[in-house]
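Everything on this sheet refers to the single structure shown next.
Please treat every number below as a calculation from the coordinates, not as lab data. As the structure is a computational prediction, the values presented were derived from the model and not from experiment. Quick reminder, even Gly has a Cβ in these numbers, built from the backbone with ideal geometry, and neighbours come from all protein chains shown.
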Amino acid sequence: MIERADLDKLNEYTVNTQWLLENMDKLREKLPDRYVAVCEGGKRVLDAPSMDELLEKLTKSTVHAESCAIDFVSREVYALIV
Amino acid sequence: MKGQHIFVTALFYCDHLGISGIPVKFLVDTGNIHTTLTEATAKRLGIDTAKLFSGKPQLRISGVGGSAEGYTLANIRLVFSDSDGTPVEEKLQVVFVMKLPKPRDENERKAMEVIPDLIGLDVIRRYSFRFEKNLMYLEK
């Protein structure tokens with residue numbers, strides 16, 4: 001059984017992920033080579049030089065950490081061939 | 001999900017590790033047999049990667065950029081949300097966590113950091129595809 005709260009969390013995460021993907025070029029200019037967490041639909045953006053530090057920052061913040069979309073924002077644009 | 005690549009989000013469950021519905025973004029990768037997590041995501045899920053990687057790798061992973069080792073997480077459930085918000089659950093016997101080789105330099109490290117989590121054919125082949133204006137729809 002999937003809890004309603006979990007589905008709400010997934011929806012919030014999906015919105016944050018969409019914002020992150022759509023704003024990647026802007027983030028690349030502002031926060032190059034940083035780990036970035038996008039929360040609350042892009043209203044709050046946290047960053048750190050490593051994943052461990054970002055997770056620590058998220059834990060200490062007031063945001064709902066599990067719903068935040070996290071990515072490494074590389075200065076260079078890489079084409080993914082998978 | 002709209003973007004350059006095709007991504008999908010899902011809740012990740014692994015009951016015996018106490019992971020209960022943490023959202024993950026996956027790149028839909030028809031060239032990949034197994035659903036695979038990066039080390040960074042494994043950490044975000046609360047997995048002790050040092051402990052996981054201390055065992056023997058169960059898979060050698062090969063890609064354009066080189067090779068990696070794969071370590072298994074067993075009995076995984078992924079829950080997607082369909083277009084009307086109904087949960088769709090997929091059970092997987094195993095999901096792999098990638099342990100990438102040590103980068104040769106800082107540039108290689110950064111290139112490795114952008115490698116995404118991958119939804120593989122173990123999930124994708126349960127669906128049929130439909131592409132429409134830059135969006136992909138998975139249909140049962």
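Which entries in A:Lys9/A:Lys43; A:Lys60/B:Lys51; A:Lys9/A:Lys60; B:Lys25/B:Lys99; B:Lys43/B:Lys110; A:Lys60/B:Lys43 show an alpha-carbon gap greater than 21 Å? Don't skip to the answer; put the middle values down first.
Details: A:Lys9/A:Lys43 16 Å; A:Lys60/B:Lys51 25 Å; A:Lys9/A:Lys60 19 Å; B:Lys25/B:Lys99 18 Å; B:Lys43/B:Lys110 18 Å; A:Lys60/B:Lys43 17 Å.
With Cα atoms farther than 21 Å apart: A:Lys60/B:Lys51.
Phi angles of region B:38-54 translate, via the Karplus equation with coefficients 6.51, -1.76, 1.60 and θ = phi - 60°, into HN-Hα couplings of 7, 5, 4, 5, 4, 5, 4, 7, x, 7, 7, 5, 4, 5, 4, 7, 6 Hz per residue; Gly and Pro are given as x. Once a ≥ b ≥ c are taken as the square roots of the eigenvalues of the Cα gyration tensor of region B:80-140, is the result rounded (a/c under 1.5), prolate (a/b larger than b/c) or oblate (a/b not larger than b/c)? Prolate. With only the Cα atoms considered, region A:40-82 has a convex hull volume of 110 Å³ per residue. Between the listed residues B:Pro87, B:Gln58, B:Leu37, the Cα displaced farthest toward the positive end of the dipole of region B:1-136, a dipole computed from Cβ unit charges relative to the Cα centre, is found at B:Gln58.
The angle separating the long axis of helix A:51-60 from the principal Cα axis of greatest extent in chain A is about 40 degrees.
Placing a pseudo-label 7 Å from each Cα along the Cα-to-Cβ vector at A:Asn23 and A:Asp47 gives an inter-label distance of 1.2 nm.
Nearest 10 degrees, 0 to 90: what angle lies between the long axis of helix A:4-22 and the longest principal axis of chain A (Cα atoms)? Approximately 20 degrees, to the nearest ten.
Treating only the Cβ atoms of Lys and Arg (+1) and Asp and Glu (-1) as charged, compute the dipole magnitude of chain B about its Cα centre; round to the nearest 20 debye. Provide the component values of the computation, followed by the final result.
Numbers: 19 positive and 17 negative charges, 46 e Å.
Its charge dipole is roughly 220 debye.
With a simple spin-label model that places each label point 7 Å from the Cα along the Cα-to-Cβ direction, the separation between A:Leu80 and B:Lys133 comes to 2.4 nm. Under the classification rounded if a/c is under 1.5, otherwise prolate if a/b is larger than b/c and oblate if not, where does the protein assembly as shown fall, given a ≥ b ≥ c as square roots of the Cα gyration tensor eigenvalues? Verdict is rounded for the protein assembly as shown. Annotation for region A:38-82: GluC sites (Glu not before Pro) lying in DSSP loop with at most 14 further Cβ atoms inside 10 Å of their Cβ are A:Glu76. Only Lys, Arg, Asp and Glu carry charge here, each on its Cβ (+1 for the first two, -1 for the last two); on that basis chain A has a dipole of about 240 debye about its Cα centre.
Sort region A:4-73 into rounded, prolate or oblate with this rule: let a ≥ b ≥ c be the square roots of the eigenvalues of the Cα gyration tensor; rounded if a/c is under 1.5, and if a/c is not under 1.5, prolate when a/b is larger than b/c, oblate otherwise.
Working: a/c = 2.34, a/b = 1.30, b/c = 1.80.
Oblate, since a/c reaches 1.5 and b/c is not below a/b.
What the pair-distance distribution of chain B shows, using all Cα-Cα distances binned every 10 Å from zero, is 11, 42, 34, 12, 1 percent.
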